Each structure stands twice: as C-alpha cells, then as structure tokens.
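A short write-up of the structure that comes next.
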Amino acid sequence: MPLQGTRLEVNLAALEHNFHYLKSKLQSGVKFMAVVKANAYGHGAVTIAQHLQKLNVDYFAVAYVSEAVELRDNGIQKPILVLHAQTFMLDTCIDRCIEPVIYSLEMLDAFITVTKTKQQQSYPIHLEFNTGLNRIGIDFKDIDEVISKVTSNSAIKVRGLQSHLAASEDLNESNFTNLQIKLFEEVNARLEKALPYPFLKHKSNTSGILNFKNAHFSMVRSGIGLYGYGNDQKFDAELIPIASLKSVISQTRWIEAGESVSYNRKFIADERTRYAVIALGHGDGINRIYGYGKAHVSINGKLAPTLGIICMDMFMVDITNIDCHAGDEVIIFDKQLTARDMAEKAGTISYEILTGIQKRVPRTYTQ
C-alpha cells in the first residue's frame, strides 16, 4: 500500500518543454539520446520513456541491461544503449536488441564470442574511450588492437563512438574539457580511417550541450536537463523541474525547553517549540544528511527546517511560527523550492535527491 498522501507528481508537459529547449541548442541532424537510467533519475523510467518515444527521441540510454529489458517489456522500440553493461548479461543484449557500450579489450573479446555463438552479423556496439574522466573506457594506446578486432570480426559493427566529459558544467575547466574533445576527435579520426562505414559520435552530456557546441558531434546525451536542471542558474531559468515531492503532516506536537526530538536526542529545544511529523523518511529517499536543519520544507507557503535525525519512515520539522495542522500538505521540493536548493543546503547535488526517491513513493503523472 502506498503511503497515504505522499506522492511524486511528475509533469510531462514540463518534460516536453525541457526536451524541446535542449533540442533547440543542436544543429539540424544531431540526434538526441535521452538518459533514463536509475528509474529516469527517480521519475519513473517506463512512463518517461514512453512519453519521450511519442516525441520521437532518437535513442535511450540506461546504465544496466535489466533497465533496458524493463523498457523493452513496456513497449519501447527505439534503440537502447547500455552504458555499463556487464559481461554476464551480454547474451541478453542480443536477445532483446539492446546495444552495449564496449569499454575494455576484455569486454570486446567477450562480446565477440557471444555474437559468434549466437551467429550474429554486424551486431551494433558502441566503443567507449577514456578521454580524461578516468572511469570506464578503452585507453587511446589500445586503439590499434581495437581496430584490428573490430575489422576482423563480421559478427560486430561499430554503431557509435563515445566518451564522457568530466567537468563540462565548470567553465573554469574549459581547457581540460577542450583537451578531452581534442582527444576524442583523434580517436574518431583513427576509426573513420579504419572503418568502411559511418558511425555515430557522442560525447556531450547536458552541460556539454549547453556549454560546448564543439562537442555535439552527431548525437548528444541528456539526463538531468530533461528533468529540469542545467547545473547552472542561467540554464535552470530556462528549464522546468518536472517533479514535485509532496507529503502530509501526520501529527503536530509541542515540547518544552530541554526536551528532545527524534533519535539520540540530537535536537534539544532551547524554548517551547511546536513541530510537525511528516510521512517520509530515509526509507523513501530523504536521507539522514537532511536532518539537523540542513533542509527546509514548505507548509502553507512558509519554510520549516528539519529537527533532529531523519527516521526511516518520517521526519520532523519546526512549525512554531506556522499555522498548520495534521493533514496539511507538505512540499519537499517542486519547481519553486527545487531539489537543487535542497541539495545545496546539505552539500550534495540534485541528482542524488532525485534518484534516491524510492519506489514505495507513488508516482502520479499529469500533462
């Protein structure tokens, strides 16, 4: 049973606005890949992908094969890229027409073996080269070996070349970003010379789309921008956060000076204090870091800071100066009091808040 009154309201019209805004930054012909990993950043991958498919997005990206299978099971027919495929799931990629990112020589060998076993011809793969993020990716020094393996095996075909920008939201790191772009161009030149067919090139994330036109290539990837956040206040003004996390007051109480609230007595009142109990907790994704006044919620148009430790299924806020009662609505974040605002107070980022909202919080969708 869902928690009564608690829900994540998702505005699909805002999603559509963000999609068109980001598309407006691209030259004609540049494809758009929508990143819907981690349950579409907490917004509900199936519904988000279904709506974007209606908008004729070109590609989807997820982190793991299981996420791609869920999309296939729910009517997503557009190409799906798996950014962090695992070798033990490579056969499922073929069974469900999913395109894996190949990010190491060992993985390339493993996938060639699987494609041969399944008697494939020209199965599409995307090669990821490390250009400075130093996460996953093939090193530039191994490009000749990659080319040799790709050109000598008809079971696979390079559908795309990709890499990841490390700091595209930080213009103080523009020199580093441009070095990443230059290395990517060198990899691309080598592959274009070696392969007798064209392939997609994609390197830009949301901040790359907005800040580095020279990194758009033939396709871009956007995740957080679709959901309303541009990693910069000037872009946030153009984007609309698509989700509002809301709950209700379960109970209000008074305590006297010297009394405490929540576990381990981390909040002790200096004066008579009124507080409200909210029907959300770290079991829903409101993590303990938001306790101790590091987050505020909106109740009847006024901000109420958290008190003490966040519990698993509830947390408390100070309502001493707010006229409110049990059953009143509580806004944790929306397009005014945003997830970014909440994140900054706790020293984290909006991504963590959005992706952390658990599935027991029901999603509702509006146009």
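Structure above, values below:
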| item | result |
| --- | --- |
| Check on Phe140, among the aromatic types (Phe, Trp, Tyr) and either under 19 Å from Phe212 (Cβ atoms) or open to solvent by less than 20 Å² (accessible area, probe 1.4 Å) (or both) | no |
| Subset tally (residues that are in contact with an Asp or Glu (Cβ under 9 Å, 6 or more places away or on another chain) and basic (Lys, Arg)) for segment 319-358 | 1 |
| Strands (runs of 3 or more DSSP E) (entirely within segment 174-269) containing at least 1 residues that are more than 23 Å from the chain's Cα centre (by Cα) | 243-255 |
| Sole residue being part of a loop (DSSP other than H, G, I, E, B), free of Cβ contacts under 8 Å to residues at least 60 places away in the same chain and under 17 Å from the mean Cα position of the chain (by Cα), chosen from His43, His84 | His84 |
| Where Ser28 falls short, out of the listed (1) more than 18 Å from Leu226 (Cα to Cα); (2) small (Gly, Ala, Ser); (3) part of a helix (DSSP H, G or I) | (3) |
| Pairs where the first residue, in segment 181-195, is open to solvent by less than 10 Å² (accessible area, probe 1.4 Å) and the second is among the hydrophobic types (A, V, I, L, M, F, W, C) and part of a helix (DSSP H, G or I), C-beta under 9 Å, 6+ apart | Ile181/Ala215; Phe184/Ala215; Val187/Phe140; Val187/Ile143; Leu191/Ile143; Leu191/Val146; Leu191/Ile147; Leu191/Val150 |
| Selection count where residues are open to solvent by 70 Å² or more (accessible area, probe 1.4 Å) and in a strand (DSSP E or B), scope segment 295-315 | 2 |
| The lone exception for Val187 - which of (1) within 17 Å of Phe140 (Cβ to Cβ); (2) in contact with a Lys or Arg (Cβ under 8 Å, 6 or more places away or on another chain); (3) of a type in the set (Val, Ile, Thr) it fails | (2) |
| Selection status of Ile209, buried (at least 20 other Cβ atoms within 10 Å of the Cβ), touching a Phe, Trp or Tyr at 6+ places or on another chain (Cβ under 7 Å) and within 22 Å of Phe32 (Cα to Cα) | no |
| Hits in segment 240-272 (condition: open to solvent by 40 Å² or more (accessible area, probe 1.4 Å) and among the β-branched types (Val, Ile, Thr)) | Ile240, Thr252, Ile268 |
| Residues satisfying the stated conditions in segment 153-188, i.e. of a type in the set (S, T, N, Q) and within 20 Å of Tyr103 (Cβ to Cβ) | Asn153, Gln162, Ser163, Ser168, Gln180, Asn188 |
| Hits in segment 270-291 - residues which are assigned to a loop (DSSP other than H, G, I, E, B) and either hydrophobic (A, V, I, L, M, F, W, C) or over 26 Å from Arg7 (Cβ atoms) (or both) | Asp270, Glu271, Arg272, Ala279, Leu280, Ile286 |
| Criterion: open to solvent by 50 Å² or more (accessible area, probe 1.4 Å) and either in contact (Cβ under 8 Å) with a residue 60 or more places away in the chain or over 25 Å from Arg190 (Cβ atoms) (or both) - qualifying residue of Arg96, Arg135 | Arg96 |
| Residue check, His325 open to solvent by 70 Å² or more (accessible area, probe 1.4 Å) and in contact (Cβ under 8 Å) with a residue 40 or more places away in the chain | yes |
| Some residue of segment 110-126 being farther than 30 Å from Ile357 by Cα, out of contact with any Cys (no Cβ under 6 Å at 6 or more places or on another chain), open to solvent by 10 Å² or more (accessible area, probe 1.4 Å) and assigned to a strand (DSSP E or B) | yes |
| Residue that is most open to solvent (accessible area, probe 1.4 Å) [pool: residues in segment 152-173 that are touching a helix residue (DSSP H, G or I) at 6+ places or on another chain (Cβ under 9 Å) and without any contact (Cβ under 8 Å) to a residue 12 or more places away in the chain] | Asp170 |
| Number of positions in segment 149-173 that are in contact with a strand residue (DSSP E or B) (Cβ under 9 Å, 6 or more places away or on another chain), of a type in the set (A, V, I, L, M) and in a helix (DSSP H, G or I) | 1 |
| Flag if Ile76 is surrounded by 19 or more Cβ atoms within 10 Å (Cβ to Cβ) and outside any loop (DSSP other than H, G, I, E, B) | no |
| Matching residues in segment 53-73 - criterion: being open to solvent by 10 Å² or more (accessible area, probe 1.4 Å) and either in contact (Cβ under 8 Å) with a residue 24 or more places away in the chain or within 18 Å of the chain's Cα centre (by Cα) (or both) | Gln53, Leu55, Asp58, Ala63, Tyr64, Ser66, Glu67, Val69, Glu70, Arg72 |
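The values are calculated or read from the model by the stated rules, or taken from the named source; none is laboratory data. These figures come from a predicted structure and were not determined experimentally. Backbone-built Cβ (ideal geometry, glycine too); neighbour counts: all protein chains shown. Accessible surface is based on the protein model in full, side chains and every heavy atom, while ligands, DNA and RNA are left aside. Shrake-Rupley method; radii C 1.70, N 1.55, O 1.52, S 1.80 Å.
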